[in-house]
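For reference, the structure discussed in these notes is given below.
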Amino acid sequence: MSLYYFYQFQNHLGRTKIGITDNIETRERQYSNAMGEHIRFKKVYSGPEKDITNLEYEAKGVFYDQRCRIELRTPMEWISENVQYETIDQYIDHEVENRYVKLELVRGVRPPVPTADNVFE
């Protein structure tokens, strides 16, 4: 069984991209070439292909209506800059912690879990 990866990053316009790949380095290079700048995914999870593809499908469904449009064309795969990256990040982390427990965070950090000590910081 080969590992798959779920990635997320934000571009300079504040739009967020989520997706999957079987090779992180190649996928980052493809984005870097297309965008004309060095791209490094902000957060990456690894795990079984089925879990990774299910997470992507569900996350894209949740943010389906928030995809950005250029003029009146078909919505792009990018999530609009009107949705905070942190909102998307928290949703993904919640799903991984509660439903996709086989996935492992291989890049990035999880937001702190609220406790009585830090909830009012």
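For the range 25-52, which positions are buried (at least 18 other Cβ atoms within 10 Å of the Cβ) and assigned to a helix (DSSP H, G or I)?
Correct list: Arg27, Glu28, Tyr31, Asp51, Ile52.
What's the total number of residues in the range 28-71 that are of a type in the set (Phe, Trp, Tyr) and free of Cβ contacts under 8 Å to residues at least 24 places away in the same chain?
Residues meeting the conditions: 3.
Kindly indicate the residue of the range 14-28 that is among the charged types (D, E, K, R) and touching a strand residue (DSSP E or B) at 6+ places or on another chain (Cβ under 9 Å) and also nearest to Tyr91 (Cα to Cα) among those meeting that condition.
Lys17
Out of everything in the range 42-72 that is touching an Asp or Glu at 6+ places or on another chain (Cβ under 9 Å) and at pLDDT below 90, what residue ends up being nearest to Asp89 (Cα to Cα)?
Among those residues, the one meeting the criterion is Arg67.
The values are calculated or read from the model by the stated rules, or taken from the named source; none is laboratory data. The model shown is predicted, which means the values in this text are computed figures rather than measured ones. Cβ atoms come from the backbone with ideal geometry, glycine included; neighbour counts cover every protein chain shown.
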